[in-house]
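> Provided herewith is a single structure, encoded as structure tokens, for subsequent inquiry.
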Amino acid sequence: QVQLVESGGGLVQAGGSLRLSCAASRRTFNNYAMGWFRQAPRKERAFVAAINWSGGSTYYEDSVKGRFTISRHNAKNMVYLQMTSLKPEDTAVYYCAARGSAALGSRSSSYDYWGQGTQVTVSS
């Protein structure tokens with residue numbers, strides 16, 4: 001089993017930046033694509049970004065394209081989400097997720113493991 005722990009959330013003003021990290025319990029991330037999702041109050045959990053096992057392919061939700069960057073360091077079992085030009089509408093609890101496949105995916109149902117979430121709040 002894979003245990004995921006997010007960190008790096010916090011309070012930031014609009015236009016600022018944050019870097020989220022996700023640490024996995026395993027020493028290796030063999031055949032696991034990874035994704036970031038977010039859930040705002042009273043809303044469903046929504047896709048943000050995904051990265052395949054090799055790190056050579058990424059996919060982003062339209063509203064974060066050009067602002068967010070997902071990356072991974074497999075030797076450290078770490079996944080990152082660099083967020084820039086943050087907007088108040090980015091405020092949400094951010095979750096990392098692991099998918100039991102090397103290919104990236106954008107549907108929450110295709111992910112097998114989830115972290116506990118980290119709060120990101122963007123003020124006006």
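Read-outs: derived from the displayed coordinates by stated rules, not from any lab. None of the values given here were measured: they were computed from a predicted structure. Note: ideal-geometry Cβ built from the backbone for every residue, glycine included; neighbour counts use all protein chains shown.
> Determine which member of the set Ser124, Ser57, Ser110 is within 15 Å of Asn31 (Cβ to Cβ) and in contact (Cβ under 8 Å) with a residue 40 or more places away in the chain.
Ser57
> Determine, yes or no, whether Gly8 is within 23 Å of Ser123 (Cα to Cα), within 12 Å of the chain's Cα centre (by Cα), surrounded by 14 or more Cβ atoms within 10 Å (Cβ to Cβ) and among the small types (Gly, Ala, Ser).
Yes.
> So, of the residues in segment 67-98 that are closer than 19 Å to Gly55 by Cα and touching a residue at least 60 places away in the same chain (Cβ under 8 Å), which turns out to be surrounded by the most Cβ atoms within 10 Å (Cβ to Cβ)?
Selected residue: Cys96.
> Still on this structure, please answer the following. Sort through Ser106, Ser71, Ser63 and tell me the only one that's among the polar types (S, T, N, Q) and assigned to a loop (DSSP other than H, G, I, E, B).
Ser106
> Here's something else I'd like to know. Can you tell me which residues in segment 59-104 are β-branched (Val, Ile, Thr) and over 19 Å from Ser7 (Cα atoms)?
Val64, the sole residue that qualifies.
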